[in-house]
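Colleague: Mind looking over this structure? Questions follow.
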Ligand code: ADP
């Protein structure tokens with residue numbers, strides 16, 4: 001099959017508009033530059049990460065129809081750095097002729113956890129047992145049914161673990177549900193999954209129907225926030241990896257996703273895979289692709305929403321580890337510039353991506369990728385199945401990210417004593 005004929009004027013450059021001015025938009029703009037494009041951004045303020053770097057910024061709220069119309073005007077596609085735009089507004093934009101990617105009927109599955117659970121159930125995808133909640137007594141009924149601890153989740157609006165409560169016991173579960181219901185917040189209940197670890201299957205899909213999957217990764221969370229990603233997931237069986245990739249591609253297809261889709265997974269203690277969450281945008285679990293894959297998730301997202309042929313998703317190294325830089329509880333005295341300087345002095349291979357955000361405790365302000373070398377440097381073969389090799393890369397990624405957060409070396413190294 002040859003390329004689909006394109007209708008755009010041969011001299012014009014396509015315009016992708018993104019709702020939200022966060023780091024995902026900033027890094028998508030970075031990818032747009034290489035394609036000869038500029039990302040147009042709807043940003044809540046001039047200091048947001050993407051507004052600092054794109055020359056084409058509309059200032060406004062993602063809940064304001066006029067601001068959405070303004071950013072979408074003349075754009076080839078309207079896409080997202082977060083999933084918080086109300087569906088009614090997106091439906092209105094579609095009715096006015098805007099190409100919304102992913103389309104609202106797909107995006108709803110990344111916005112509403114109950115809609116998502118029901119759809120995945122209907123598609124026969126593996127998910128934790130769950131129930132909708134209308135009354136606090138539903139907690140007792142559900143707990144009796146599953147015979148184990150429950151998790152309470154707000155149906156809408158959660159991210160980075162906000163809106164997720166792993167209840168200690170039945171009494172606390174009832175109390176939490178009661179509180180949400182009293183505030184008019186819709187919640188669902190899930191079984192607490194006995195898990196070995198969390199994985200993510202990242203894929204992309206174009207309107208033409210092409211799909212592409214990156215290697216399945218392991219994600220590590222602390223306090224509900226992703227802190228580390230190991231690509232590919234170490235020690236994952238070929239069968240499980242292939243099944244997770246196939247699941248990601250199938251869901252992208254069945255839901256009609258356009259762009260990047262992250263399928264967050266639990267690997268249970270008995271080795272099964274369950275779908276936790278869907279995100280329809282570039283995702284933290286794909287930041288490693290900026291340095292560790294032939295096509296980054298940001299470029300791929302643009303290619304997908306513009307219906308270009310998708311890029312090669314192969315890994316460039318046996319293992320790449322990403323460490324998130326989170327704002328420290330106490331902002332270090334040392335400036336970020338000086339921290340970066342010292343990091344580069346000690347770890348010349350660290351690939352640093354800073355978002356231009358102020359430091360606040362727990363806030364994602366950047367990430368570091370460590371791309372594994374072709375040999376294990378004394379640690380045996382360079383392979384995701386070599387625990388020592390993987391541990392070495394993880395240690396380096398954590399050391400770099402922790403340094404940028406805290407201005408402290410995890411191994412107690414003191415640069416000055418080596419002067
Ligand atoms: P968010 O939408 O805020 O990202 P998630 O649904 O992804 O929320 O949940 C955040 C974290 O809470 C997950 O990464 C996982 O560590 C934990 N979690 C969520 N659901 C369950 C569950 N059913 N069982 C055990 N842990 C869970």
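Readers should treat all values here as calculations from the given coordinates under stated rules, not as data from a laboratory. This structure is a prediction, so every number in the text was calculated from the model and none was measured. In this analysis, Cβ positions are derived from the backbone assuming ideal geometry, glycine residues included, and neighbour counts consider all displayed protein chains.
Colleague: What shape does the chain have by the C-alpha gyration tensor, where a ≥ b ≥ c are the square roots of the eigenvalues, rounded means a/c under 1.5, and otherwise prolate means a/b greater than b/c and oblate the rest? Intermediate results must be reported in sequence, preceding the final value.
Modeller: Working: a/c = 1.37, a/b = 1.05, b/c = 1.30.
Rounded is the answer for the chain, as its axis ratio a/c remains below 1.5.
Colleague: Go ahead and set up a Gaussian network model of the chain, Cα springs under 10 Å, then flag whichever of 135, 56, 91 fluctuates most.
Modeller: It is 135.
Colleague: I've got another one for you. Go ahead and set up a Gaussian network model of the chain, Cα springs under 10 Å, then flag whichever of 222, 174, 339 fluctuates most.
Modeller: 222
Colleague: Relative contact order of segment 307-419: what whole-number percent is it, with Cα pairs under 8 angstrom and at least 6 residues apart? Display every interim value, and only then the final one.
Modeller: On the way: 168 pairs, mean separation 38.4, N = 113.
Computed value for segment 307-419: 34 percent relative contact order.
Colleague: Just want to confirm a number: the relative contact order over the chain, from Cα pairs under 8 angstrom separated by 6+ residues, in percent. Write out the running numbers ahead of the final one.
Modeller: Details: 875 pairs, mean separation 52.5, N = 419.
Here the relative contact order equals 13 percent.
Colleague: Could you order peptides 164-171, 96-103, 200-207 by the average number of other Cβ atoms within 10 Å of their residues, highest first?
Modeller: Working: 164-171: 14.4, 96-103: 19.1, 200-207: 26.5.
Ranking, from highest mean packing down: 200-207, 96-103, 164-171.
Colleague: Please say if segment 104-190 is rounded, prolate or oblate, where rounded means a/c under 1.5 for a ≥ b ≥ c the square roots of the C-alpha gyration tensor eigenvalues, and otherwise the choice is prolate for a/b larger than b/c and oblate otherwise?
Modeller: Values: a/c = 1.97, a/b = 1.36, b/c = 1.45.
Since a/c reaches 1.5 but b/c is at least a/b, the shape of segment 104-190 is classed as oblate.
Colleague: Can I ask one more? Normalised by the number of residues in segment 29-181, what is the relative contact order in percent for Cα pairs under 8 Å and 6+ residues apart? List each step's numbers first, then the result.
Modeller: Details: 160 pairs, mean separation 18.8, N = 153.
Averaging sequence separation for qualifying contacts and normalising by length gives 12 percent for segment 29-181.
Colleague: Out of all DSSP beta bridges in the chain, what portion is antiparallel? Express it as a percent rounded to 5.
Modeller: Details: 55 of 67 bridges.
Expressed as a percentage, antiparallel bridges in the chain total about 80.
Colleague: Further question on the same structure: If I model a spin label at residue 294 and residue 246 as a point 7 Å from the Cα along the Cα→Cβ vector, what separation in nanometres do I get?
Modeller: 2.3 nm
Colleague: How big is D, in µm² s⁻¹, for segment 152-197 by Stokes-Einstein at 25 °C and 0.890 mPa s if Rh is the Kirkwood radius over C-alpha pairs?
Modeller: On the way: Rh = 11.2 Å.
Translational diffusion coefficient: 218 µm²/s.
Colleague: I need the P(r) histogram for segment 234-300: all alpha carbon pairs, bin width 10 Å from 0 out to the longest distance, whole percents.
Modeller: 19, 49, 31, 2
Colleague: Something else about it: Running a GNM on the chain with Cα contacts under 10 Å, which residue among 295, 240, 134 ends up with the highest mean-square fluctuation?
Modeller: The residue that fluctuates most here is 134.
Colleague: Once you sort the root eigenvalues of the Cα gyration tensor of segment 229-350 as a ≥ b ≥ c, which label holds: rounded (a/c under 1.5), prolate (a/b larger than b/c) or oblate (the other case)? Numbers along the way, then the final one.
Modeller: Details: a/c = 1.95, a/b = 1.57, b/c = 1.24.
Cα axes put segment 229-350 in the prolate bin.
Colleague: What nm value, rounded to one decimal, do you get for the distance between residue 335 and residue 221 when each label is placed 7 Å out toward the C-beta?
Modeller: Result: 3.7 nm between the two label points.
Colleague: Using alpha carbons only, how many angstrom separate the centre of segment 55-121 from the centre of segment 166-239?
Modeller: Each part reduced to its Cα centre gives a spacing of 23 Å.
Colleague: Once the Cβ-Cβ distance between residue 12 and residue 239 is put in as r, and R0 is 51 Å, what FRET efficiency do you end up with, to the nearest 0.05? The partial results should precede the final answer.
Modeller: On the way: r = 47 Å, r/R0 = 0.92.
Plugging the Cβ-Cβ distance into 1/(1 + (r/R0)^6) gives 0.65.
Colleague: When the helices in the chain are scored as -39500 (n - 2.57) per DSSP H run of 4 or longer and the sum is shared across all residues, what 222 nm value do you end up with, to the nearest 500 deg cm²/dmol?
Modeller: Values: 12 runs with 131 residues, N = 419.
Only helices count here, giving -9500 deg cm²/dmol.
Colleague: Note down the nm distance, to one decimal, between modelled labels 7 Å out along Cα→Cβ at residue 134 and at residue 183.
Modeller: Simple spin-label model gives 2.3 nm for this pair.
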